[in-house]
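Asks: Attaching a single structure in structure tokens format; questions to follow.
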Amino acid sequence: MPAKPAAKKSSAKVSPRAASLATPITFPDAIAALPAPATTRARILHAAVEILNDEGFGALTQTKVAEKAGVRQSHITYYFPARNDLLRETASYGCNAMLEIMAGSIDAGTLTLKTARSIFVADLSDRRFARLICALVVASDEDDRIKPWLAGFEDTNRKRLLAMFLKLGLKINMADIELFHATYVGSVILDLGDSTPASLDRSTRILQRAFDQILAKGMNAGPRPAPRSTSNAAKKLTAGKTTKK
């Protein structure tokens with residue numbers, strides 16, 4: 001039995017420069033292109049991400065993950081006693097990897113607003129990431145213990161997404177990100193439900209419009225005028241008035 005690490009982290013560290021998004025590729029493909037993780041726990045999570053992306057939540061079994069990761073099944077239950085534990089940590093690992101790759105590509109100058117738009121659209125058409133989102137929603141509906149974790153997980157992802165858009169030069173706020181995030185999630189789930197060329201075309205158009213709207217607002221936003229103070233407003237209201245004696 002392997003020695004258990006002293007502190008259990010929510011997701012394995014992924015080098016932000018391990019993969020580049022200079023060309024529009026899907027996030028699952030970018031994760032697959034990362035170097036093989038060194039630790040047993042990370043190898044398990046990396047294998048679980050690939051299984052979840054390629055085959056869906058139903059295929060996320062201890063036997064399959066152990067076989068793909070090249071470890072004994074006892075390692076799976078040691079690190080992740082329950083299936084939902086594995087799902088939760090797999091989602092953290094996968095999304096962390098995606099965001100790290102994107103952040104690293106921004107730092108390297110290989111990710112621009114134009115390529116970011118293409119990557120989001122490519123990710124929509126891939127449908128593997130949609131399976132991860134659906135798996136989390138289903139698991140949360142079945143296990144109330146996942147709900148607070150999922151809320152915090154999505155909140156963290158939105159904050160990191162906002163930070164990256166700001167770094168790309170957009171002047172937007174969290175309300176803009178919340179609308180974009182909700183549009184993206186809704187689009188991928190609706191398309192996955194139908195999984196037809198027509199549904200993909202519709203969801204792609206929706207996502208492109210959402211991205212273009214946030215792009216237009218973020219690039220056209222200028223400095224807002226400072227609000228007038230109450231004292232100044234009061235002076236204008238009383239200007240010209242005489243005091244009755």
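The values are calculated or read from the model by the stated rules, or taken from the named source; none is laboratory data. Everything numeric here is computed off the predicted structure, so don't read it as measured data. Don't worry about glycine lacking a Cβ; one is built from the backbone with ideal geometry, like all the others, and counts go over all protein chains shown. The accessibility values were calculated without ligands, DNA or RNA, using every heavy atom of the protein model including side chains. Shrake-Rupley method; radii C 1.70, N 1.55, O 1.52, S 1.80 Å.
Asks: Counting only protein chains, not ligands or nucleic acids, how are Met98, Met174 ordered by accessible area (probe 1.4 Å), most first?
Replies: Largest accessible area first, the list is Met174, Met98.
Asks: Per the Debye formula with a single identical scatterer at each Cα and no solvent contribution, what log10 I(q)/I(0) holds for segment 35-77 at q = 0.28, 0.29, 0.30, 0.32 Å⁻¹?
Replies: Reported log10 I(q)/I(0), two decimals: -0.95, -1.00, -1.06, -1.15.
Asks: What does a probe at Leu150 reach in segment 81-107, counting residues whose amide N is under 17 Å from the point 7 Å along Cα→Cβ?
Replies: 83-95
Asks: How much FRET efficiency would the formula 1/(1 + (r/R0)^6) give for Ala182 and Arg72, where r is the Cβ-Cβ distance and R0 is 45 Å, rounded to 0.05?
Replies: For R0 = 45 Å, the calculated efficiency reads 0.60.
Asks: How far is the Cα center of segment 145-187 from the Cα center of segment 46-69, in Å?
Replies: Taking the Cα centre of segment 46-69 as reference, the centre of segment 145-187 is 26 Å away.
Asks: What is the extension gain from Met174 to Ala216, computed as 0.36 nm multiplied by their sequence separation minus the C-alpha to C-alpha distance, in nm to one decimal?
Replies: 13.5 nm
Asks: With contacts defined as alpha carbon pairs under 8 Å and 6 or more residues apart, what's the relative contact order of segment 116-185 in percent? Please list the in-between numbers first.
Replies: Values: 22 pairs, mean separation 15.4, N = 70.
Computed value for segment 116-185: 22 percent relative contact order.
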